1. With more than 16 Å from the chain's Cα centre (by Cα) and either farther than 20 Å from Asn116 by Cα or in a helix (DSSP H, G or I) (or both) as the only criterion, which of Pro44, Pro36 stands out?
2. I'm trying to understand the selection: among the residues of region 114-129, which are within 24 Å of Phe58 (Cα to Cα), exposed (fewer than 14 other Cβ atoms within 10 Å of the Cβ) and in contact (Cβ under 8 Å) with a residue 12 or more places away in the chain?
3. Checking the conditions here, which among Ser78, Ser126 is of a type outside the set (A, V, I, L, M) and at pLDDT 95 or above?
4. When you look at Ile123, is it among the hydrophobic types (A, V, I, L, M, F, W, C), assigned to a helix (DSSP H, G or I), within 8 Å of the ligand (Cβ to nearest atom) and over 23 Å from Ile12 (Cα atoms), yes or no?
5. From Ala97, Ala46, Ala75, which residue is touching a residue at least 60 places away in the same chain (Cβ under 8 Å) and small (Gly, Ala, Ser)?
6. Return yes or no: is Ala97 among the small types (Gly, Ala, Ser) and under 25 Å from Leu33 (Cβ atoms)?
7. When region 16-57 is examined, which residues are found to be near the ligand (Cβ under 10 Å from one of its atoms) and in contact with a Gly (Cβ under 7 Å, 6 or more places away or on another chain)?
8. State all residues of region 58-91 that are under 26 Å from Tyr9 (Cα atoms) and either part of a loop (DSSP other than H, G, I, E, B) or of a type in the set (Phe, Trp, Tyr) (or both); if no residue qualifies, say none.
Amino acid sequence: MGIPELEIYSMIGAEGFARLVAAFYRQVPQDDLLGPIYPAFDLPGAEQRLRDFLIGRFGGPQTYIEQRGHPRLRARHSPFPINQTIRDRWMRLMDNALGEASLPSKAEEVLRKFFNEMSTFMINQSEARIS
Ligand code: HEM
């Protein structure tokens, strides 16, 4: 049994999530697959949305829901073509970010499992539809 998800915020704080998400978004602009999906957007805003979402999801203040409403993450990702390859790249960047953020290993373990599952859940295209 790992530690409960809702205890992650008290372990790593807003600062831990900020470090993790900054390390993720730092890689996005130069990534050949993810870069083109994100640049039309305001990256600092995207960074803030992911950070606030994670903070609320793992036991911290509910700022994300107050500002954005129910996350509905699959629906919110429907404009972006996400196949297995894109999902795997997203996960690789998040793995890099988890390595860089050097969080307590128990927290890192819970977060990695969550990202693995959520990124798979976000797939909305079969490989064949994207050339
Ligand atoms: C699987 C590959 C994924 C891709 C290609 C992807 C791509 C994107 C893009 C392009 C945006 C819009 C940026 C913005 O303006 O906020 C976005 C937003 C967001 N993503 Fe992802 N994402 C992926 C997976 C995930 C996962 C696994 C999570 C959660 C753990 C997540 C959480 C979010 C959140 C919270 C937002 C902001 C939604 C909003 O309030 O509008 N994404 N994503």
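1. Testing whether each residue is more than 16 Å from the chain's Cα centre (by Cα) and either farther than 20 Å from Asn116 by Cα or in a helix (DSSP H, G or I) (or both) leaves just Pro36.
2. Step one: of region 114-129, the residues within 24 Å of Phe58 (Cα to Cα) are 114-123.
From the residues that got through so far, the ones that are exposed (fewer than 14 other Cβ atoms within 10 Å of the Cβ) too are 117, 120-121.
Across region 114-129, the qualifying residues are Thr120, Phe121.
3. Numbers: Ser126 fails: at pLDDT 95 or above.
None of the others qualify; the one that does is Ser78.
4. Spelling it out, it is not the case that Ile123 is among the hydrophobic types (A, V, I, L, M, F, W, C), assigned to a helix (DSSP H, G or I), within 8 Å of the ligand (Cβ to nearest atom) and over 23 Å from Ile12 (Cα atoms).
5. Ala97
6. Considered against the rule, which asks whether it is among the small types (Gly, Ala, Ser) and under 25 Å from Leu33 (Cβ atoms), Ala97 comes out as yes.
7. Val28
8. Those that are under 26 Å from Tyr9 (Cα atoms) and either part of a loop (DSSP other than H, G, I, E, B) or of a type in the set (Phe, Trp, Tyr) (or both): Phe58, Gly59, Gly60, Pro61, Gln62, Tyr64, Gly69, His70, Pro71, Arg72, His77, Trp90.
The values are calculated or read from the model by the stated rules, or taken from the named source; none is laboratory data. Predicted model only: the values in this text are computed from it and were never measured. Neighbour counts are summed over all protein chains in view; Cβ atoms, including those assigned to glycine, are modelled from backbone coordinates with ideal geometry.
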